[in-house]
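One structure is given here, and the rest of the page talks about it.
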Amino acid sequence: MSCIFCQIATGKIDSEIVYQDEQVVAFRDLNPQAPVHILIIPREHITNLDGASAANAALLGHCALVAAEIARAEGFAEGGYRLVTNVGPDGGQSVDHLHFHLLAGRRMHWPPG
Ligand code: 5GP
Ligand code: ZN
């Protein structure tokens, strides 16, 4: 198993986990791009959104709702946050296991770089 995020999901690689259940794991990014930078991943290895299908619809929705729940639990929901997933080279994806970046704690720029 060479996928870093699969190894984080199974505990083979250490990470600072902030939430987990039977479907998803959320952990702090090693190289944070904002005061709060959390990654939400499905336990199932899916490469990215392009590799997802209708069978994954509930799982994808769960990832988004977990992000919203973490934002409320950590107290930044009211101030706002950004939830983003990068897909492929043009999207800036560097780890080929579907993940959502939850960014908060500073004012985000638009358009993104
Ligand atoms: P991407 O560039 O694919 O959208 O995002 C991958 C993210 O994973 C990056 O923000 C990077 O800092 C983070 N990352 C890569 N390897 C590790 C790791 O081993 N542990 C943690 N916690 N984050 C990682
Ligand atoms: Zn994986």
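Details
- Rg/Rh, computed from the Cα trace of region 4-104 with Rh as the Kirkwood radius, has the value 0.93.
- Spin-label model, Ala73/Cys3: points 7 Å from Cα along the beta carbon direction are separated by 2.3 nm.
- Rounded percent of accessible protein surface that carbon and sulfur make up, region 4-104, 1.4 Å probe: 52 percent
- Extension gain from Arg107 to Asp14, taking 0.36 nm per residue of separation minus the Cα-Cα distance: 30.5 nm
- Student exercise, the chain dipole from Lys, Arg, Asp, Glu Cβ charges, in Debye to nearest 20: 260 debye
- For the chain, the solvent-accessible area of protein heavy atoms averages 59 Å² per residue (probe radius 1.4 Å; ligands and nucleic acids excluded).
The values are calculated or read from the model by the stated rules, or taken from the named source; none is laboratory data. Quantities reported herein were computed from a predicted structural model and do not represent experimental measurements. Ideal geometry is used to build each Cβ from the backbone, glycine not excepted, and the neighbour counts take in all protein chains shown. Just the protein is used for accessible areas: all its heavy atoms, side chains included, with ligands, DNA and RNA removed. Shrake-Rupley method; radii C 1.70, N 1.55, O 1.52, S 1.80 Å.
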